[in-house]
Amino acid sequence: MTRRSNAPAPDVVSDVIIVGGGASGLSLAQRLVATDSPTVTLVEAPDGPLRAPERTWCYWDGDTGEFDEVVTASWSRLRIHDADGGAITVDPSPLRYRMLRSTDFEQWAYARIARSSGGRIVRATADTVRDIPGGAEVRCTAPDGGTLTLHARHVFDSRPLPALPPARTQLLQHFRGWFVRTDTDRFDPSVADLMDFRVPQPRHGLAFGYVLPLAPDRALVEYTEFSRTPLTRAAYEAALGHYSREILKLGAFTVETAEQGVIPMTDARFPRRIGAAVSRIGTAGGATRPATGYTFAAVQRQSRAIAAALRDGRASAPRPHARRVLAMDAILLRALDTGRIDGPGFFTGLFRSVPPERLLRFLDGRTSPWEEWGIGLRTPVGPMLRTAVELPFLPRRTHPAPRSGESHR
């Protein structure tokens, strides 16, 4: 019988243990229990400082209906503002841009696990994960301080890495967003502003505004940078205030809630297998797209692939992004980091010249080599070629891990 545990219990043996209940852990757990074949234990941190605050996840797809119950809003049109104020509005049909809130997704996934015959949620802090003969062991600390030992044939660990692997280039995507309510109608709920480059640009990297309208008088308004270091909270607040008042001209508004995060954009090689029976998933397993920060859609592909592999008697977490995609991203990251290309001009140019549905699939890592070749010809070819030539000779160095955050893409 499925049950949810908040206290120490006898040692538990499962087919699969999933450590961590973020987007990747929950996505894999709910997908596995839907098959009713493996027994699955999801280890979730108890309420407290180890639990991530509510956050927003966004992705695009067609009308699959997979997460319709928990999608907060979606948009069929996307808009880009260039640095001079020009607007580009595109319709990426049949794709739609979708937004969901982590709390809604959690409750939906919990319910699916609870209804299953082989699912179990354990509230505890995972301390160690290690291989043992015939499988793996997860040692945990329960909320009351007791210990709990879990065993499984396979473990999938989604916890953030304590340190990032060495990389040639590492930028950070860092952001702060306000959920605002305006005194008068200021938003068009049919259009999402994906990148608004009218904000002041930093000396290094790029910055943009991001607006997801939820109603004519409600929206998520965000300030995002791709740069080497995060800002202080005061600096984010100042940037958001300037964007909301001087550029969007929202007039009087109320900030109802806020969210903040930082995600690595790196060409580091993330090891997916850390033992014979232990694999990493999600951002820790390389699911975050290095050049864009998008993660949620890649997590879904990874979860489907793992479920299929387990049905076939295999257990390795597949590579979230193709090698050629990672190679392209390494070139772009280096070109942005060196200032060889202008970030706002680069992304604006792509939205002007590439069919929108193809471009969104490209940003998500789902285009063919032929499509990628055509998109590459629409980028600054000279600076990109120069970067590609030098990249193999650059050493990989250790960079500080970001303080916190989970991709909202």
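Could you work out what % of the accessible surface of the chain is carbon and sulfur, using a 1.4 angstrom probe and leaving DNA, RNA and ligands out of the count?
Numbers: 9070 of 17300 Å².
Carbon plus sulfur share of accessible area: 52 percent.
Along each of the three principal axes of the Cα atoms of segment 73-123, give the extent in whole Å, ordering the values from largest to smallest.
So the extents along the principal axes, rounded to whole Å, are 55, 25, 13.
How much length, in nm to one decimal, is gained on full extension between R314 and E357, taken as 0.36 nm per residue of separation minus their Cα-Cα distance?
On the way: separation 43, 0.36 × 43 = 15.48 nm, distance 3.38 nm.
Fully extending the segment from R314 to E357 adds 12.1 nm.
For a quick check of your reading of the filter: which GluC sites (Glu not before Pro) in segment 13-117 sit in a DSSP loop and have no more than 16 other Cβ atoms within 10 Å? Please list the in-between numbers first.
Working: sites: E44, E54, E66, E69, E106; in loops: E54, E66, E69.
Those that pass, being in a loop and sparsely packed, are E54, E66, E69.
Taking R0 as 45 Å, what FRET efficiency do you get between D127 and R340 from their Cβ-Cβ distance, rounded to the nearest 0.05?
Values: r = 45 Å, r/R0 = 0.99.
Computed FRET efficiency for D127 and R340 comes out at 0.50.
Please work out the ratio of the alpha-carbon Rg of segment 19-126 to 2.2 N^0.38 Å and round it to two decimals. Could the numbers behind the result be given before it?
On the way: Rg = 17.4 Å, N = 108, 2.2 N^0.38 = 13.0 Å.
Ratio of Cα Rg to 2.2 N^0.38 Å: 1.34.
Let me see the P(r) profile for segment 127-194: every Cα-Cα distance counted, bins of 5 Å, each bin given as a percent of all pairs.
Reading the bins upward from 0: 3, 9, 12, 12, 9, 8, 10, 11, 9, 9, 5, 1, 0.
Amide H neighbours of L214 under 5 Å, at least 5 residues apart or on other chains, H built in the peptide plane: list them.
The answer is A219, L220.
Under 10 °C and 1.306 mPa s, how fast does segment 179-299 diffuse according to Stokes-Einstein, given a Kirkwood radius computed over C-alpha pairs? Answer in µm²/s, whole number.
Details: Rh = 16.4 Å.
Translational diffusion coefficient: 97 µm²/s.
How large is ³J(HN,Hα) for each residue in segment 241-249, as worked out from phi by the Karplus curve 6.51 cos²θ - 1.76 cosθ + 1.60 (θ = phi - 60°), to whole Hz, x for Gly and Pro?
Along segment 241-249, the couplings run x, 5, 5, 5, 8, 8, 9, 6, 6 Hz.
With a cut-off of 17 Å, note down the residues of segment 102-126 whose backbone N falls inside the zone around a label point 7 Å from the Cα of T147 toward its beta carbon.
Residues passing the 17 Å test: 124-126.
For segment 264-358, what is the relative contact order in percent, using Cα pairs closer than 8 Å and at least 6 residues apart in sequence? Mind showing how you got there, number by number?
Numbers: 96 pairs, mean separation 24.5, N = 95.
Relative contact order comes out at 26 percent.
Post the alpha-carbon centroid distance, segment 58-106 to segment 136-179, in whole angstrom.
About 28 Å separates the Cα centre of segment 58-106 from the one of segment 136-179.
Quick one: which of 117-127, 144-154 comes out on top by average Cβ neighbours within 10 Å, and what's the full order, highest first? Mind dumping the intermediate values first?
Working: 117-127: 19.9, 144-154: 16.6.
The peptides rank, most packed first, as 117-127, 144-154.
Taking θ = phi - 60°, what integer Hz values does the Karplus form 6.51 cos²θ - 1.76 cosθ + 1.60 yield along segment 196-204, in sequence order, with x for Gly and Pro?
After applying 6.51 cos²θ - 1.76 cosθ + 1.60, I find 10, 8, 6, 6, x, 8, x, 5, 10 Hz.
Accessible area per residue of the chain at 1.4 Å probe, in Å²?
With all protein chains present, the chain gives 42 Å² per residue.
Tally Lys and Arg at +1 and Asp and Glu at -1 over the other residues with C-beta under 9 Å from the C-beta of P320: what net charge comes out?
Values: positive: R272, R289, R301, R319; negative: none.
Local net charge: +4.
Can you list the residues, at least 5 places off or on another chain, whose amide H is less than 5 Å from the amide H of D157, using H built in the peptide plane?
V19, S279, R280, I281
Modelling each spin label as a point 7 Å along the Cα-to-Cβ direction, I'd like the E246/D104 distance in nm, to one decimal.
Computed distance between label sites E246 and D104 equals 3.4 nm.
With charges only on Cβ, +1 for K and R and -1 for D and E, what is the dipole size of the chain about its Cα centre, in debye, rounded to 20? Walk me through the intermediate numbers first.
Numbers: 53 positive and 44 negative charges, 240 e Å.
Result for the chain is approximately 1160 debye, rounded to the nearest 20.
Okay, helix-only estimate at 222 nm for the chain: each DSSP H run of n ≥ 4 adds -39500 (n - 2.57), divide by all residues, round to 500 deg cm²/dmol; what do you get? Mind dumping the intermediate values first?
Numbers: 9 runs with 104 residues, N = 409.
Counting only the DSSP helices, I get -8000 deg cm²/dmol.
Just grab the label-to-label distance for A238 and L161, each label 7 Å out from Cα along the Cβ direction, in nm (one decimal).
For the pair A238/L161, the computed spacing is 3.3 nm.
Please report the projected area of segment 278-409's Cα convex hull averaged over all directions, in nm². Before the final figure, lay out each step's value.
Working: hull surface 38.8 nm².
One quarter of the hull surface, i.e. the mean projection, equals 9.7 nm².
If you plug each phi of segment 350-359 into the Karplus form 6.51 cos²θ - 1.76 cosθ + 1.60 with θ = phi - 60°, what whole-Hz ³J(HN,Hα) values come out, in order, with x for Gly and Pro?
Karplus values, whole Hz, x for Gly and Pro: 5, 5, 6, 10, 10, x, x, 5, 5, 5.
Given contacts defined as C-alpha pairs under 8 Å and at least six residues apart, what's the relative contact order of segment 58-208, whole-number percent? It would help to have the intermediate numbers written out before the result.
Values: 179 pairs, mean separation 38.3, N = 151.
Relative contact order for segment 58-208 comes out at 25 percent.
Over the chain, what is the relative contact order in whole percent, taking alpha-carbon pairs under 8 Å and six or more residues apart?
On the way: 907 pairs, mean separation 80.6, N = 409.
Over the chain, the number comes to 20 percent.
Let's see if you can work this out: charge +1 on each Lys and Arg Cβ, -1 on each Asp and Glu Cβ, no other charges. What is the dipole magnitude of segment 259-402 about its Cα centre, in debye to the nearest 20?
Numbers: 22 positive and 11 negative charges, 105 e Å.
I would put it at about 500 debye.
The values are calculated or read from the model by the stated rules, or taken from the named source; none is laboratory data. If you're wondering where the values come from, they're calculated on a predicted model, not measured in any experiment. With ideal geometry, Cβ positions are generated from the backbone for all residues, glycine too; neighbour counts draw on all protein chains shown. The accessibility values were calculated without ligands, DNA or RNA, using every heavy atom of the protein model including side chains. Shrake-Rupley method; radii C 1.70, N 1.55, O 1.52, S 1.80 Å.
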